[in-house]
Amino acid sequence: MKTLSKLMLAGAVAFTLGSTVASANAIKGQKLFIKKYKEACGFNGAVMAGKHTQNEWEAINDEGKIAEEMMKLCPNIKKVKDKYVPHLYDFYYKYASDSGNVPSC
Amino acid sequence: MTKSQFIEKKGEKMKKTIALSLVTVLATTMYASSDTDTKIAELEAKLQKLEKKLQSTNKTLTNVKIHDGQDDIKWDVDFRTAFDSLEYTKTSGKTAKNSDLLTNRLWLGMGYNPNDNTIFRGKLSYMKAYGDSMNHSQANTTDGATAYNTFDWVTNENANDNTVKVKEAYWLYMNDTFMGSEVPWTFSIGRRPSTDGLGINMREAMVDNSPLSHTVNVEFDGLSSLFTLEKVTGVSGMSWKLCTGRGLTNAKPRFQMDGTDYAAANDTAPWLGGDGASHTEDVDMYGFIFVPYDNGQYSLKTNWAKADNLIGFNGQELQNFQTAYGTYLQDLSDGTVDPQNAINLQLATPQFRNVGDMELFTAMFKAEGIGDEINDFLDDTKFFISWAQTKTDPADGQTMLGSTESETGTSTWLGVNMPCPLTDNGRIGFEWNKGSKYWRSVTYAEDTMVGSKIATRGTAVEAYYTKPINNALSFNLRYTKIDYDYTGSNSFFGAEGTPYDLNNAAVVQQLQQAGQDPVKESTDFRASISYRF
């Protein structure tokens, strides 16, 4: 292995180990919605995300009411586990009605 | 005191009281008036500030509108830097390696929703090796065998130069009902997202694209139309999707000497020793993806496709070339090259032929989490098993995969992706696949530097680790090992894809005597960092 590669590889590993860790994941949020709530809601995650703007989702999340809002929009949802909320919020925020992001198809 | 004095005194008291009251009222009013003035002044100041802020905001908005008002595309970025260490071990025991292949890959994703029913998506891409040069001569090597490197199917998967190319560009129409029925549907035309489909996406922590990647993983121009059937059938996630398109065109480029621009190619000209007839046709593919069940956790997906007029080398022509090449190599070995042998080699260079058609089928079961909240680890563990089959249908007088008969190949692929118990948010995965003698997938665009592991006629194993660094950066380690049982795993569809048994010493000896030394085993260790946002 040449010096350039050694340096780059060592740098990459050091950078990875020294960096802060992300906690939430929009893709995981999307998968969670499909797996846990799509059937109860009767629509896909992009529709749920589009129910609010990014500011609205942010405000709802700041108040700790993501689960409550989901149950309001989908009365068939009985419970939303706390550990799912960060991922779901990331997904809703990413595909909010004013996000301009195009849902996958 | 007289009554009049009493009244006078009381009047004076009242006067004093009234006077005092008036003074108090006046004082209070004056004070109030002073307070109101202060408040009004404060409000005026605040208003002025707000007006200034509003003016500033309006100015900013105007600038934003000027900048973005006519911008009908929203961009996203996927930029990856990768380090690959490759090693090939040939049947003779000789090795070929590159201990540090460095590449940059950039995907500029585009998307726009002009209305609720229509989407545009696109992807510009370049994939370039560090230090690589224009037109890809692999920089400072002398190997001239680069003709296939610009092949359209792998334009964005081969390490090329720094040109940005279109990887995806298509529009998609969608509607909640189809001819009055409760069938949501889509229709899309363009350069479709036909690489990195379900299965192969997991090792890169990517969202899966359209096809099942066990049989199809190449770029493709065509159309697709999805019909979601769950509402009318009551079966969770049931859908049917038509996919069709053109993989290769037979049209000539512009500015033909004889004025026949874009006519079907006449690939073997008389002055090159051919008969002037066209030997290839447009390579078209059509098929469907049927999902019988998908509840978001457990899914079964199937994919059937038929590809017509596939390309490959004719068996006799390939043999003539190999004979001429052997003679030329012998000349080189002897130190004197007979000019006629050099000419014979050039004339014997085989051309692609239309060698026949092929059917491909895949069935994949996937679990997005095992069980129902048994524990967090199983909830977050993904597992899939996929089985696929390919079946050739040689054209008259041609061989496919070295056989004039219809040949069937099969492949099995298992994968698991789970949380890494040693690191926060890290994930590890293991994959295994095994392909039979005549297995022939169309997975040339797979993102594996030593060639498509899914195409392996033999056994491939892989272990990987992915870790998000923050919400934009992620780190990936991957080790792939392929052990080939037969030759031709990454070939096209003609005689060059003949499966010679690499575990048969006599066959290997014959190949080596004919000047061939096929790869028996290959490995690829990769480390990469990706920015995706």
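The values are calculated or read from the model by the stated rules, or taken from the named source; none is laboratory data. Just so it is clear, the structure is predicted and the values come from calculations on it, not from any experiment. We place every Cβ from the backbone using ideal geometry, glycine too, and count neighbours over all the protein chains shown.
Here are the numbers for the structure shown:
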read-out	value
Output for region B:450-482, where each listed residue is in a loop (DSSP other than H, G, I, E, B), more than 10 Å from chain A (Cβ to nearest Cβ) and hydrophobic (A, V, I, L, M, F, W, C)	B:450, B:454, B:455
Failed item in (1) part of a loop (DSSP other than H, G, I, E, B); (2) under 30 Å from the mean Cα position of the chain (by Cα); (3) among the β-branched types (Val, Ile, Thr), with residue B:374 passing the rest	(2)
Test: residue in region A:88-102 that is over 21 Å from residue B:113 (Cα atoms) and either crowded, with 17+ Cβ neighbours inside 10 Å or more than 9 Å from chain B (Cβ to nearest Cβ) (or both)	yes
Filter result (within 12 Å of chain A (Cβ to nearest Cβ), of a type in the set (Gly, Ala, Ser) and farther than 21 Å from residue B:287 by Cβ) within region B:171-211	B:205
Pick from region B:401-432, criterion without any contact (Cβ under 8 Å) to a residue 60 or more places away in the chain and surrounded by 19 or more Cβ atoms within 10 Å (Cβ to Cβ), ranking: nearest to the chain's Cα centre (by Cα)	B:409
Qualifying residue in region B:435-445 (condition: among the polar types (S, T, N, Q), surrounded by 21 or more Cβ atoms within 10 Å (Cβ to Cβ), in contact with a strand residue (DSSP E or B) (Cβ under 9 Å, 6 or more places away or on another chain) and not in a strand (DSSP E or B))	yes
Count of residues meeting criterion [within 14 Å of another protein chain (Cβ to nearest Cβ) and over 24 Å from residue B:246 (Cβ atoms)] in region B:288-300	8
Residue count, region B:203-225 (criterion: in a strand (DSSP E or B) and more than 28 Å from residue B:410 (Cβ to Cβ))	3
Any pair with Cβ under 8 angstrom, 6 or more apart, that starts in region A:83-105 at a residue that is closer than 26 Å to residue B:198 by Cβ and ends at one that is at pLDDT below 80 and surrounded by fewer than 16 Cβ atoms within 10 Å (Cβ to Cβ)	A:86/A:23
Which listed residue, of A:47, A:13, is surrounded by fewer than 18 Cβ atoms within 10 Å (Cβ to Cβ) and at the interface with another protein chain (Cβ under 10 Å from one of its Cβ atoms)	A:13
Verdict on residue B:2 being at pLDDT below 80 and over 59 Å from the mean Cα position of the chain (by Cα)	yes
When residues of region B:483-514 are limited to those that are among the hydrophobic types (A, V, I, L, M, F, W, C) and in a helix (DSSP H, G or I), the one nearest to residue B:323 (Cα to Cα)	B:511
Enumeration of residues in region B:92-130 that are among the charged types (D, E, K, R) and more than 15 Å from the chain's Cα centre (by Cα)	B:94, B:97, B:100, B:116, B:128
Long-range neighbours under 7 Å by Cβ, at least six apart or interchain, first residue among the hydroxyl-bearing types (Ser, Thr, Tyr) within region B:291-310, second surrounded by fewer than 20 Cβ atoms within 10 Å (Cβ to Cβ) and assigned to a loop (DSSP other than H, G, I, E, B)	B:293/B:235; B:293/B:236; B:293/B:238
Condition met for residue B:348 (in contact with a helix residue (DSSP H, G or I) (Cβ under 6 Å, 6 or more places away or on another chain) and touching a residue at least 24 places away in the same chain (Cβ under 8 Å))	yes
Tally, over region B:136-182, of residues that are modelled with pLDDT under 70 and among the hydrophobic types (A, V, I, L, M, F, W, C)	4
Residue count, region B:72-127 (criterion: more than 10 Å from chain A (Cβ to nearest Cβ), crowded, with 16+ Cβ neighbours inside 10 Å, of a type in the set (Ser, Thr, Tyr) and out of contact with any helix residue (DSSP H, G or I) (no Cβ under 7 Å at 6 or more places or on another chain))	5
